[in-house]
Amino acid sequence: MVFTADQITAFVGSLLWPLFRVAALLMVAPVFGAKVVPTRIRLGLSVAVTMVLIPLLPAAPAVAVFSVNALFIVAQQILVGAMLGFALQLVVSAVITGGQIIAMQMGLGFSAMVDPQNGAQTPVVSQFYLIIVTLTYLALGGHLVMFEVLLDSFNSVPVSTQGIHADSFWKLANWGGLVFSGAVGMALPAIASLLMVNIAFGVMTRAAPQLNIFAIGFPLTMMLGYMVVLVTLPGIVPHANLMFNDTYHLIRDLFNGGH
């Protein structure tokens with residue numbers, strides 16, 4: 001059995017170019033890109049997902065693997081996959097930021113633990129919200145939608161040396177600001193409630209200066225903060241799911257108009 005150079009180039013290109021895009025996505029995306037997930041697991045999963053997607057992908061360009069054009073294609077695939085994963089990671093960061101705001105308001109800002117998603121110290125309230133949102137994201141098949149969007153990206157932004165339009169980067173940057181404004185919206189009920197509590201403590205201190213407000217204010221604020229978290233918790237998951245859905249629409253818009 002004899003293989004020509006063109007056949008070998010076509011085979012390697014059909015496997016190698018999509019692999020870079022899939023691997024870049026899984027290295028950055030929520031859940032799969034967490035620090036606790038070993039690199040070998042992510043790499044093996046990238047190969048498995050690529051093998052599943054290959055029959056569904058358009059034909060890869062006939063480009064020599066060891067050439068300048070191949071380097072441009074590799075950079076292009078990594079950029080597309082990283083943009084997709086980064087857009088989803090913004091939602092996770094928004095949830096963490098919303099939990100941090102609530103934790104600071106209720107006096108639990110000092111109570112922190114290692115975030116397995118990013119490998120950094122985050123308040124326990126943020127971890128609580130992150131676990132709930134992550135489990136809901138997986139239960140509703142958000143990761144499957146992510147792979148579906150990834151498959152569509154190969155049709156809207158096929159493997160080539162042409163880059164993504166500069167407007168797509170500006171849209172992604174602007175989307176980051178909108179997502180974090182959503183984090184403030186998620187924490188707004190807790191902010192308003194605990195602000196009223198602090199105002200009441202200020203009035204009490206003004207009316208009765210001999211009252212040791214620090215002795216009763218801190219535990220009372222924390223107790224009321226737990227109550228606010230319990231009351232507002234049912235609205236966290238729909239809010240996060242809405243941000244995920246908007247992110248998927250943004251990604252489709254970026255890729256459809258970014259080629």
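Between residue 54 and residue 181, what is the spin-label point distance in nm, taking each point 7 Å from the Cα along the Cα→C-beta axis?
Placing both labels 7 Å along Cα→Cβ, they lie 4.5 nm apart.
Using DSSP to define loop residues, name the chymotrypsin sites (Phe, Trp or Tyr not before Pro) in segment 29-103 whose beta-carbon has at most 11 other beta-carbon atoms within 10 Å. All intermediate terms of the calculation are to be shown ahead of the outcome.
Working: sites: 32, 66, 72, 86; in loops: 32, 66.
Those that pass, being in a loop and sparsely packed, are 66.
So for the chain, taking the charge dipole from beta-carbon charges (+1 Lys/Arg, -1 Asp/Glu), which of 66, 239, 102 sits furthest toward the positive end?
It is 102.
Report the dimensions of segment 5-257 along its three principal axes from the alpha-carbon atoms, largest first, rounded to Å.
Cα spread of segment 5-257 along its principal axes, largest to smallest: 89, 35, 31 Å.
Using θ = phi - 60° and the Karplus form 6.51 cos²θ - 1.76 cosθ + 1.60, what ³J(HN,Hα) does each residue of segment 150-155 get, whole Hz, x for Gly and Pro?
4, 5, 5, 5, 6, 8
Compute the FRET efficiency between residue 128 and residue 249 as 1/(1 + (r/R0)^6), taking r as their Cβ-Cβ distance and R0 = 22 Å, and round to the nearest 0.05.
Numbers: r = 28 Å, r/R0 = 1.27.
Approximately 0.20, to the nearest 0.05.
Between residue 223 and residue 72, what is the spin-label point distance in nm, taking each point 7 Å from the Cα along the Cα→C-beta axis?
Each label point is offset 7 Å from its Cα along the Cβ direction, giving 6.8 nm.
Can you sort 21, 42, 252 from fewest to most other Cβ atoms within 10 Å of each residue's own Cβ?
If I rank by nearby Cβ atoms, fewest first, I get 252, 42, 21.
In nm, to one decimal, how far is the residue 145 label point from the residue 34 one, both placed 7 Å along Cα→Cβ?
Placing both labels 7 Å beyond Cα along the Cβ direction yields 2.0 nm.
Which ³J(HN,Hα) values, rounded to whole Hz and listed in residue order, are derived for segment 123-139 from phi using the Karplus coefficients 6.51, -1.76 and 1.60 in 6.51 cos²θ - 1.76 cosθ + 1.60 with θ = phi - 60°, glycine and proline given as x?
Values, residue by residue: x, 5, 4, 5, 5, 4, 5, 5, 5, 5, 5, 5, 5, 5, 4, 6, 5 Hz.
Please check: in the Gaussian network model of the chain (C-alpha springs, under 10 Å), which one of 220, 84, 19 has the largest mean-square fluctuation.
So, out of 220, 84, 19, the one fluctuating most is 220.
Could you work out [θ]222 nm for the chain from helices alone, using -39500 (n - 2.57) per DSSP H run of at least four and dividing by all its residues? Round to the nearest 500 deg cm²/dmol. Kindly include the intermediate steps, with their values, before the conclusion.
Values: 8 runs with 193 residues, N = 259.
Result for the chain, helices only: -26500 deg cm²/dmol.
Suppose R0 equals 22 Å. What FRET efficiency, 1/(1 + (r/R0)^6) with r the Cβ-Cβ distance, do residue 199 and residue 242 give to the nearest 0.05? Write down the numbers at each step before the final one.
Numbers: r = 31 Å, r/R0 = 1.41.
Between residue 199 and residue 242 the formula returns 0.10.
For segment 57-111 and segment 183-197, write down the distance between their C-alpha centroids in whole Å.
29 Å
I need the calculated FRET efficiency for the pair residue 136 and residue 15, taking r as the beta carbon distance and R₀ as 22 Å, to the nearest 0.05. Don't skip to the end; give the middle numbers.
Values: r = 34 Å, r/R0 = 1.56.
For residue 136 and residue 15, the calculated efficiency is 0.05.
Bear in mind these aren't lab numbers, they're just calculated from the coordinates by the rules spelled out. What you are looking at is a predicted structure, and each value in this text was computed from that prediction instead of being measured. FYI the Cβ positions are ideal-geometry reconstructions off the backbone, even for glycines, and counts take in every protein chain you see.
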